[in-house]
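Everything below concerns the one structure shown next.
The values are calculated or read from the model by the stated rules, or taken from the named source; none is laboratory data. Please read all numbers here as calculations on a predicted model, not as lab measurements. Neighbour counts are summed over all protein chains in view; Cβ atoms, including those assigned to glycine, are modelled from backbone coordinates with ideal geometry.
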Amino acid sequence: MTIAQSLATFVVRSSFDDLTMAEKQQLKICILDSLGCAIGALDGEPIRFIRQHIFDFGGGGHSTLIGGGRTSPDRAAFYNSALTRYLDFNDFYLAKGESCHPSDNLGPVLAALEYSGGDGKDLMTALAVAYQVQARISDEAPVRAKGFDHTTQGSYAVAAGVSKALRLDVKRTTNAIALSGTPFNALRVTRTGALSHWKGLAYPNTAFSCTHATFLAMRGITGPPEVFEGNKGFMHSIAGQFHVDWATEKFDRVNRIEVKKYNAEGHSQQTVEGVLELQQAHGFSGSDIDKIDIETFDVAFSIIGGGEEGDKTIVRNKEEADHSLHYMVAVALLDGNIMPEQYEDDRIVRPDVQDLLKRVFVQPNRSYSDRFPDEMVTLIKITLKSGMFFVIEKTGYEGFHASPMKWETVVQKFKALANPYCDRNVQDKIISSVKHIETISVKEFIFPLTQVTVPD
């Protein structure tokens, strides 16, 4: 049996009954969180471009766009995944060498399930499959250090989740995995140097391409069966040797999903919470600060702290701002929070934040790196112009898997993001549909999402 066949067997045998009560509740939290992020992104610049693109090119009306309109499943996967991702406020998973955003898979899974006519249990199961596959390949086969993007592992997750949603057998699921994994090995330059719209669209493009590939497999198109272990395959060309025993896999990684408290890159969450706790405890303002010294784990330093992925004191647009620890800490201290409005163009370029971010200094700490990903350790020292200083060490935040976010807190986050785009009645319908998702059809689940107002 090839590795792809073994993975496909895991996908096919998985069922709703395999999920524990805790995993079901966490999935509901992740779904509501993802929908809030998606609705809150409806006015994003690239989102408007994509919506026009979809309407210009059309496609079969099998799947629904959040905010109304119908298109082909692959285009719906692209659009709805782009919505979930744009704010960079959606959930994430921490692995030693490869963090990722499993909620990126909601768009393709939902589009495929609407096509196949599934129900809420099917949605939760297919999404759990995608979450587990992406997390486990990220655990065992990280590719960031070799110059590839985390969407590379995502190709297999989309194929697995969409195959489950379409109820494909082992043969067709194997081909979907092969067809998705072979062509879509993305470059990490997506997230280094000068950042662009593509940072938020890389996974939506994976969702589009791999949904398309899975539908081809559904029709009978075949792919290289040894996509993982074969000559010039994933292991040989990119990842190196690794092993996942798909015969014994469960859904345990679902309970290690991190939900964001702040609209900030995942590895920054505990740091943002820490600086705000210091500010609330001691009452200083952003203008009182002389400098901010931060020690953190190597992954945070590399991605958002000015390490291997570029200077994070150069911040000119949203994409650079939400991947700069310097900016996120500075704007949090000046504004008291980080929400989508902190990434408006006129906020990013304002002198107060541009000055303060240049007085943020980030260094890696090896002992903190050794404790990652079980802990997210950060030491923060804020020195005031008066000479006074305050120190705090954080090992996590509210929403980290060691201190999970409560349903009520996620509801508050959802409402804050959805308020500009739908009234209280629509919000309550969406919240209720997620809370009771296992009792309704996917059609019923989707309907209130069509009542959200898309800005002109």
Picking from 249, 309, the residue that is in contact (Cβ under 8 Å) with a residue 12 or more places away in the chain, in contact with a Lys or Arg (Cβ under 9 Å, 6 or more places away or on another chain) and over 30 Å from residue 13 (Cβ atoms) would be 309
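Quick one: count up the residues across region 297-323 that are in a loop (DSSP other than H, G, I, E, B) and closer than 20 Å to residue 369 by Cβ. Explain how you work it out, then say what you get.
Initially, region 297-323 is screened for residues in a loop (DSSP other than H, G, I, E, B), giving 297, 305-317, 322-323.
Add one more test, that the residue is closer than 20 Å to residue 369 by Cβ, and what stays is 297, 305-310, 312, 323.
Of the residues in that region, 9 qualify.
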Counted residues in region 416-426 being more than 17 Å from residue 84 (Cβ to Cβ) and in contact with a helix residue (DSSP H, G or I) (Cβ under 7 Å, 6 or more places away or on another chain) come to 1
Based on this model, can you work out whether residue 249 counts as more than 20 Å from the chain's Cα centre (by Cα) and either closer than 30 Å to residue 21 by Cα or not assigned by TED's automatic domain parsing to the domain that holds residue 351 (or both)? yes
Of all helices (runs of 4 or more DSSP H) fully inside region 98-216, the set with 3 or more residues that are within 24 Å of residue 443 (Cβ to Cβ) is 106-116, 120-140, 151-165
### Task
Inspect all residues belonging to region 151-169 and state whether any of them is in contact (Cβ under 8 Å) with a residue 12 or more places away in the chain and more than 22 Å from residue 80 (Cα to Cα).
yes
Checked 187, 123 against criteria (in contact with a strand residue (DSSP E or B) (Cβ under 7 Å, 6 or more places away or on another chain), in contact (Cβ under 8 Å) with a residue 40 or more places away in the chain and among the aliphatic types (A, V, I, L, M)); the one match is 187
Output for Cβ contacts, cut-off 7 Å, separation at least six or different chains, first residue over 16 Å from residue 402 (Cα atoms) in region 363-380, second in a loop (DSSP other than H, G, I, E, B) and of a type in the set (A, V, I, L, M), reads 368/377
Check on residue 289, in the same structural domain as residue 23 (by TED's automatic domain parsing) and in contact with a Ser or Thr (Cβ under 8 Å, 6 or more places away or on another chain):
no
Exactly one of 67, 61, 36 is at pLDDT 95 or above, under 25 Å from residue 120 (Cβ atoms) and in a loop (DSSP other than H, G, I, E, B), and that residue is 67
Selection from region 340-397 of residues assigned to a helix (DSSP H, G or I) and either hydrophobic (A, V, I, L, M, F, W, C) or more than 30 Å from residue 135 (Cβ to Cβ) (or both) yields 341, 345, 346, 347, 348, 351, 352, 353, 354, 355, 356, 357
Filter region 108-117 for residues that are surrounded by fewer than 24 Cβ atoms within 10 Å (Cβ to Cβ) and of a type outside the set (Phe, Trp, Tyr); the one that is nearest to residue 9 (Cα to Cα) is 116
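Could we say that residue 443 is of a type in the set (Lys, Arg), part of a helix (DSSP H, G or I) and either touching a helix residue (DSSP H, G or I) at 6+ places or on another chain (Cβ under 7 Å) or in contact (Cβ under 8 Å) with a residue 40 or more places away in the chain (or both) here?
yes
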What about residue 236, is it under 17 Å from residue 138 (Cα atoms) and free of Cβ contacts under 8 Å to residues at least 24 places away in the same chain? yes
Answer yes or no as to whether residue 254 is outside any helix (DSSP H, G or I), closer than 30 Å to residue 114 by Cβ and of a type in the set (A, V, I, L, M).
no
